1. Just to be sure I understand the model, the point goes 7 Å from the Cα along the line to the Cβ. What's the resulting residue 60 to residue 189 distance in nm?
2. What is the Rg over Rh value, at two decimals, for region 139-198, using alpha-carbon atoms and the Kirkwood definition of Rh?
3. In which sequence would 58, 134 go, from the one with the fewest C-beta neighbours within 10 Å to the one with the most?
4. Grab the beta carbon distance between residue 121 and residue 87, set R0 = 25 Å, and tell me the FRET efficiency rounded to 0.05.
5. For region 54-147, taking Cα atoms only, what is the radius of gyration to one decimal and the Dmax to the nearest whole Å?
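Please treat every number below as a calculation from the coordinates, not as lab data. Since the model is a prediction, treat every value here as computed from it, not as a measurement. All Cβ positions, glycine included, derive from the backbone under ideal geometry; neighbour counts span all protein chains shown.
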């Protein structure tokens with residue numbers, strides 16, 4: 001499959017917001033079993049996609065401040081395997097403000113700080129021709145067009161000119177590759193190919 005357009009979780013096909021490799025908060029002990037944004041499976045082997053992370057409480061009525069990685073978080077009401085039910089979400093400063101059925105106080109909202117909100121990968125809308133989810137690229141093995149192993153895709157960034165893949169070599173060194181047809185001519189569920197001209201030594 002050699003699709004071109006990215007798609008993050010939600011219902012906006014032309015979305016170009018990446019799912020970050022790291023989140024800005026440190027999960028509390030209660031949340032340490034949750035996947036990081038680049039994780040492709042939970043402890044039970046289920047593939048998961050992180051849509052947002054809780055970054056604190058808002059007000060005194062149990063609302064939660066979120067950093068959102070998806071275009072339309074409100075399209076997903078059942079989160080974290082049914083542990084959280086999203087009742088409402090609205091824009092907030094540097095993110096969004098959400099209300100969950102299970103959270104009714106500021107203390108309960110604050111206790112969610114660092115918790116990542118995820119859905120199973122197979123619950124996301126099907127992709128159309130020319131689309132991909134960032135989560136499907138992260139973790140792929142990267143090879144040159146002469147079949148030389150290069151490393152692993154560890155992040156998908158966007159600095160305003162389109163998606164850019166961050167590839168980590170086995171040595172730990174990283175390099176960036178634009179997600180364009182001339183740089184990444186093909187990929188599938190197991191690997192992607194990078195044109196030699198775009199490979200950094």
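1. Between residue 60 and residue 189, the simple spin-label model gives 5.2 nm.
2. Rg/Rh: 0.93.
3. Ordered from fewest to most neighbouring Cβ atoms within 10 Å, 58, 134 come out as 58, 134.
4. Using R0 = 25 Å, I get an efficiency of 0.55.
5. Expressed in Å, the Cα Rg and Dmax of region 54-147 come to 16.4, 59.
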